[in-house]
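The values are calculated or read from the model by the stated rules, or taken from the named source; none is laboratory data. It should be emphasised that the depicted structure is a prediction, and the values quoted were computed from it without experimental measurement. Positions of Cβ are backbone-derived with ideal geometry, glycine not excepted, and every protein chain shown enters the neighbour counts.
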There are 2 protein chains.
Amino acid sequence: MPTLSEVARHAGVTPATVSNVLRNRGRVGETTRQRVLEAVDALGYRPHLAARALAEGRAPTLALMVSSIANPFYPEFALAVERAARASGNFVIICNTNDDPATGRAYLDQIAGTLSEGVLVTNANLHFADLHVTESRGTPVVLCMWERPNEPPGLPCVAVDFRLAGELAGKHLLELGHRRIGAIVGSKVSGIHATRYEGFVDALRVAGVRKNRVKHAADTIHGGYTAARALLEADPQLTAIFATNDLPALGAMHAAADLGLSVPTDLSVIGITDIQLARESRPALTTVAVPTVEVAGLAVSLLRELIESSYGHARRGKTKVPMRISSAPKLVVRASTDVPRSR
Amino acid sequence: MPTLSEVARHAGVTPATVSNVLRNRGRVGETTRQRVLEAVDALGYRPHLAARALAEGRAPTLALMVSSIANPFYPEFALAVERAARASGNFVIICNTNDDPATGRAYLDQIAGTLSEGVLVTNANLHFADLHVTESRGTPVVLCMWERPNEPPGLPCVAVDFRLAGELAGKHLLELGHRRIGAIVGSKVSGIHATRYEGFVDALRVAGVRKNRVKHAADTIHGGYTAARALLEADPQLTAIFATNDLPALGAMHAAADLGLSVPTDLSVIGITDIQLARESRPALTTVAVPTVEVAGLAVSLLRELIESSYGHARRGKTKVPMRISSAPKLVVRASTDVPRSR
DNA sequence: ATGAAAGCGCTAACAG
DNA sequence: CTGTTAGCGCTTTCAT
């Protein structure tokens, strides 16, 4: 691969001039400018990103921490992140923590500040302490989907009002006339879906519906399947099921099918997020959509701001921890919910 | 972030010595060794990956080109690639080409050799010419899922016998007694699924089944849905549908449902690949499994070999283009296929 | 066994 | 406008 100095030699100038031309740093004569440009593509020169980053004192990528890219929500988010990152000149490295804090820490230790100039964190089951460490070493961190806008996490974040999401789901079911509703709380491990469930419960309370059955489950189709079966067996009178995420909601639909219940006639099902599969399931899943693309954009731009303001240092001056709030989740009515069948 | 020389100063030695300690390059006294190690964790030193790569004359990551990480097969593959890459000391950058050759080229131009020391290519709709360019510039490229072991692509690759996959699918349907079978060929754009279809047709021919209906479609659930409807409307007597990929097969199941046909009683459906969704659909999809994890491992190790042998140069010496062959695809019978209902 | 020095490819003052 | 110089953080001969 040709280097800057080779190009310089070829054009009969110095490396500095070539660099100036390439970065449009003005102060370059038009004729040399041309000569340099010719040399550049005569040799097929391409800047060495790692070298450039080193010279500029920054790292060449952004890191995206996810628990597992195989969980269908993350690819969609990752795609949005990659687009936003690329628009601002960064490449992104995907770090699968596999829900293991130690793996997450290993990633952070290795790449934060050396390969990545910033870290984006989704629900990857990381210890906050580890995140604070990398932040204190000067690499900005932003949490991508903080669930409680009213309780800042002490780390820069973009917040999504997930309590509202739960509430909207609950209201939708109530408005259809459901009174006997089961709930599946996904994310058994992290407990992070609690807020969504609270919103749902609030909606019921306001409507004067006292009690509902809850079941915790893994945040997977299978987890939802198992939980839904348990729920339905414990109370065959249930007319609707709310799940804190689309995957378990999809599982609930499968469970219904296996129990001979048809959705939405015999059972309504609603989820949260609006992943692609929600649109593609049969029947299509009613859900509360989270603005994924917007969140990714906000996260990347917040991260870039922190990087450019060398947040790590500013932080010591007691700067407030920044938080961006995404637009509100929105109900998307599809085919999995309907009025309860009178029985 | 502390640097090597700071550690050196702290330990009262020179950077060279620290480097030697860290890389176990022998020739270091035990006492200094200890002192260095202490300094390292007193300061919390971590090597600067970009700087190290630069000094070593290599790039710090591997690039994985995919058309879109949102297509459910890729995340699974990406996860496997990441694991293999990490095991051999690399991080991976995901490059979504969005099926646009220009985007792919832009990625290759920017990162090949400067940020990535090797490139892994899935069906990302890249021009081979572009790949040859990056290869000729010294960055090894390997194709991850070459479909025709007997027709080497002129680029290093790991091949999967997809013709056989199609054949196995066809045979399975035939053995169940199906004679009137529709086929959906996904990947309309790249035409890359032709081989799979050929295998299927071969199986029919051998069995003396002359004709079958084919429909081309996008490699998506929706594409399969549309194609299946068209197929079923054109020939309501069809008792089975073969799709060249799981996603369209899943779509075919939806189509069947919407037409009031139950799977597998009224219609059998089979796909190829065995993505996670195939296990999670209702009914679970019968499919021909491709050894994804194995392929990812082979691809990464082949790529590493090429990198270490500086393949780019060797190549000029007319070296044979290497190809690895994965183990054979295997039929996985689930619930979407059965004997045809006599009607 | 350790140190000195050069250099990876690039950028960024500062001179001229 | 262009060149000179230094240096990013690390590795790697080559001396000592």
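Can you say whether residue A:130 is more than 30 Å from residue A:340 (Cβ to Cβ) and among the acidic types (Asp, Glu), as far as the supplied structure shows? Outline the logic, then answer.
Working: more than 30 Å from residue A:340 (Cβ to Cβ): yes; among the acidic types (Asp, Glu): yes.
Spelling it out, residue A:130 is indeed more than 30 Å from residue A:340 (Cβ to Cβ) and among the acidic types (Asp, Glu).
Tell me, yes or no, whether the stretch A:256-279 has at least one residue that is of a type in the set (D, E, K, R), in contact with a Ser or Thr (Cβ under 6 Å, 6 or more places away or on another chain) and within 22 Å of residue B:280 (Cβ to Cβ).
yes
With the stretch B:265-335 as the region, which strands (runs of 3 or more DSSP E) entirely inside it contain at least 1 residues that are in contact (Cβ under 8 Å) with a residue 60 or more places away in the chain and within 14 Å of chain A (Cβ to nearest Cβ)?
In the stretch B:265-335, B:268-273 are the strands (runs of 3 or more DSSP E) which contain 1 or more residues that are in contact (Cβ under 8 Å) with a residue 60 or more places away in the chain and within 14 Å of chain A (Cβ to nearest Cβ).
Step by step: first the residues of the stretch B:231-258, then only those that are more than 30 Å from the chain's Cα centre (by Cα) and hydrophobic (A, V, I, L, M, F, W, C), then the one that is farthest from residue B:215 (Cα to Cα). Which residue is that?
Here the answer is B:257.
State yes or no: is residue B:172 modelled with pLDDT under 95 and out of contact with any Pro (no Cβ under 6 Å at 6 or more places or on another chain)?
So residue B:172 fails the test.
Where residues in the stretch B:255-272 are of a type outside the set (A, V, I, L, M, F, W, C) and buried (at least 24 other Cβ atoms within 10 Å of the Cβ), which of them is farthest from residue B:73 (Cα to Cα)?
B:264
For residue A:133, are the conditions met, namely being out of contact with any Pro (no Cβ under 8 Å at 6 or more places or on another chain), touching a residue at least 24 places away in the same chain (Cβ under 8 Å) and crowded, with 24+ Cβ neighbours inside 10 Å?
Against the criterion (out of contact with any Pro (no Cβ under 8 Å at 6 or more places or on another chain), touching a residue at least 24 places away in the same chain (Cβ under 8 Å) and crowded, with 24+ Cβ neighbours inside 10 Å), residue A:133 does not qualify.
Does residue A:58 satisfy the criteria of being within 15 Å of DNA strand D (Cβ to nearest atom), at pLDDT 90 or above and among the basic types (Lys, Arg)?
The answer is yes for residue A:58.
When you go through A:78, A:63, A:85 one by one, which is the residue that is more than 16 Å from DNA strand C (Cβ to nearest atom), in contact (Cβ under 8 Å) with a residue 60 or more places away in the chain and among the small types (Gly, Ala, Ser)?
Details: A:78 fails: in contact (Cβ under 8 Å) with a residue 60 or more places away in the chain; A:63 fails: in contact (Cβ under 8 Å) with a residue 60 or more places away in the chain.
Answer to the check: A:85.
Can you tell which of A:66, A:36, A:40, A:28 is β-branched (Val, Ile, Thr), more than 9 Å from every other protein chain (Cβ to nearest Cβ) and under 16 Å from residue B:96 (Cβ atoms)?
Details: A:36 fails: under 16 Å from residue B:96 (Cβ atoms); A:40 fails: under 16 Å from residue B:96 (Cβ atoms); A:28 fails: under 16 Å from residue B:96 (Cβ atoms).
Unique residue meeting the criteria: A:66.
What number goes with the only condition from (1) within 11 Å of DNA strand D (Cβ to nearest atom); (2) at pLDDT 95 or above that residue B:64 does not pass?
The single condition residue B:64 does not satisfy is (1).
Could you run through the stretch A:259-268 and say how many residues are within 20 Å of residue A:209 (Cβ to Cβ) and among the β-branched types (Val, Ile, Thr)?
0
State which residue pairs qualify: first residue surrounded by fewer than 15 Cβ atoms within 10 Å (Cβ to Cβ) and inside the stretch A:31-44, second residue at pLDDT 90 or above in any location, beta carbons under 7 Å apart, and separation of 6 or more residues or different chains.
These pairs meet every condition: A:42/A:10; A:44/A:2.
Look at the stretch A:150-163 and say how many of its residues are crowded, with 19+ Cβ neighbours inside 10 Å and touching a residue at least 40 places away in the same chain (Cβ under 8 Å).
Residues in the stretch A:150-163 being crowded, with 19+ Cβ neighbours inside 10 Å and touching a residue at least 40 places away in the same chain (Cβ under 8 Å): 7 in total.
For the stretch A:43-63, how many residues are assigned to a loop (DSSP other than H, G, I, E, B), facing another protein chain (nearest Cβ under 10 Å) and closer than 24 Å to residue A:11 by Cα?
Of the stretch A:43-63, the ones assigned to a loop (DSSP other than H, G, I, E, B) are A:44-48, A:57-60.
Now restrict to residues that are facing another protein chain (nearest Cβ under 10 Å): A:44, A:46-48, A:58-60.
With closer than 24 Å to residue A:11 by Cα added as a condition, the list becomes A:44, A:46-48.
The qualifying residues number 4.
Residues to consider are B:250, B:267; find the one that is of a type outside the set (D, E, K, R) and within 20 Å of residue B:179 (Cβ to Cβ).
B:267 is the lone residue from the list that is of a type outside the set (D, E, K, R) and within 20 Å of residue B:179 (Cβ to Cβ).
Here are A:162, A:128: which of them is of a type in the set (Phe, Trp, Tyr), within 21 Å of the chain's Cα centre (by Cα) and over 30 Å from residue A:286 (Cβ atoms)?
Step by step, each of A:162, A:128 is checked, and only A:128 is of a type in the set (Phe, Trp, Tyr), within 21 Å of the chain's Cα centre (by Cα) and over 30 Å from residue A:286 (Cβ atoms).
Out of the stretch B:14-44, which residues are over 20 Å from residue B:56 (Cβ atoms) and within 11 Å of DNA strand D (Cβ to nearest atom)?
Hit for the stretch B:14-44 is B:43, nothing else.
Name the residue that is farthest from residue A:276 (Cα to Cα), counting only residues in the stretch B:81-96 that are more than 10 Å from chain A (Cβ to nearest Cβ) and of a type in the set (S, T, N, Q).
B:88
Based on what the data block shows, is residue B:78 more than 19 Å from residue A:1 (Cβ to Cβ), more than 10 Å from chain A (Cβ to nearest Cβ) and outside any strand (DSSP E or B)?
No, not satisfied.
I'd like to check something: does the stretch A:4-19 contain any residue that is buried (at least 18 other Cβ atoms within 10 Å of the Cβ), near DNA strand C (Cβ under 10 Å from one of its atoms) and within 14 Å of another protein chain (Cβ to nearest Cβ)?
For the stretch A:4-19, residues buried (at least 18 other Cβ atoms within 10 Å of the Cβ), near DNA strand C (Cβ under 10 Å from one of its atoms) and within 14 Å of another protein chain (Cβ to nearest Cβ): present.
With respect to residue A:104, determine if the residue is within 14 Å of chain B (Cβ to nearest Cβ) and of a type outside the set (Lys, Arg).
yes
Would you check if residue A:182 is within 24 Å of the chain's Cα centre (by Cα) and either of a type in the set (S, T, N, Q) or under 29 Å from residue A:341 (Cβ atoms) (or both)?
Answer is no for this residue.
Go through A:168, A:155, A:120 for me and flag whichever is part of a strand (DSSP E or B) and of a type in the set (A, V, I, L, M).
Unique residue meeting the criteria: A:120.
Any residue in the stretch A:2-26 that's over 10 Å from residue A:36 (Cβ atoms) and touching a residue at least 24 places away in the same chain (Cβ under 8 Å): show its pairings with residues that are within 11 Å of DNA strand C (Cβ to nearest atom) and not charged (D, E, K, R) at Cβ separation under 7 Å, as long as the two are six or more apart or on different chains.
Listed pairs, sorted by first residue: A:2/A:43; A:2/A:45; A:4/A:15; A:4/A:18; A:4/A:19; A:6/A:43.
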